[in-house]
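Please read the structure below before turning to the comments.
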């Protein structure tokens with residue numbers, strides 16, 4: 001009777017996540033993962049052809065488990081991305097600060113379709129315009145995230161929210177051609193009012209950003 005399997009594919013991927021979190025991508029190897037699992041390398045080679053295949057699957061696994069969210073506002077996506085960069089710097093580096101293949105997209109956003117759909121719905125915007133606007137927001141968030149993950153500078157949660165809101169207002173003015181301040185506030189409320197909590201606090205933050 002063959003021995004009962006005790007280490008599964010997901011166990012290996014989770015162990016690989018822990019190696020990257022604690023020691024960085026440079027420490028990722030079949031041996032280091034086996035040590036984390038307290039096993040031989042045999043279970044790993046039974047599931048993966050080698051470390052390169054494992055890394056490819058780890059990219060998908062990490063994005064799905066750390067970055068895939070069901071957001072109720074556009075702001076949620078930016079906040080989660082930046083929180084991830086700050087709290088999981090080594091995983092962020094593994095996912096985003098690396099040499100890309102020609103087939104890969106700029107940020108490779110697992111929430112992309114949901115994000116664009118949310119923008120189209122909340123702003124009553126055509127998809128091509130929402131896509132262009134979101135790409136600019138991605139670039140800005142990516143720059144902030146790299147600074148957070150590399151320790152170049154630190155931002156409080158308040159700083160992050162204010163920076164996102166200020167840049168978002170610039171994009172709104174351009175892509176929605178908003179000139180009326182009350183209309184602008186309504187658009188901001190529709191897409192950003194998730195983390196504020198109290199209506200009066202929200203109103204104050206919007207006033208300060210304008």
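What follows draws every value from the coordinates through simple rules; no lab data is involved. Keep in mind that what you see is a predicted model, and the values were worked out from it rather than measured. A quick note on method: Cβ atoms are made from the backbone with ideal geometry, for glycine too, and the neighbour counts reach across all protein chains shown.
A few notes on this one:
- Taking the inverse of the mean reciprocal distance over all distinct Cα pairs, the Kirkwood hydrodynamic radius of the stretch 72-194 comes to 15.2 Å.
- Degrees between helix 181-192 axis and first principal axis of the chain (Cα, 0 to 90, nearest 10): 20 degrees
- For the residues 157, 133, 102, a GNM of the chain with alpha-carbon springs under 10 Å puts the largest fluctuation on 102.
- Footprinting exposure proxy for 97, 72 (fewest neighbouring C-beta atoms within 10 Å first): 72, 97
- The alpha-carbon atoms of the chain define a convex hull whose volume equals 150 cubic angstrom per residue.
- Descending semi-axes in whole angstrom, ellipsoid equivalent of the stretch 5-67, from the Cα gyration tensor: 17, 13, 11
- Order of 163, 127 under a 10 Å beta carbon neighbour criterion, fewest first: 127, 163
- Of the peptides 31-43, 78-90, the ranking by mean beta-carbon count within 10 Å, highest at the top, reads 78-90, 31-43.
- On Cα atoms only, tilt of 51-66 relative to the major axis of the chain in degrees: 40 degrees
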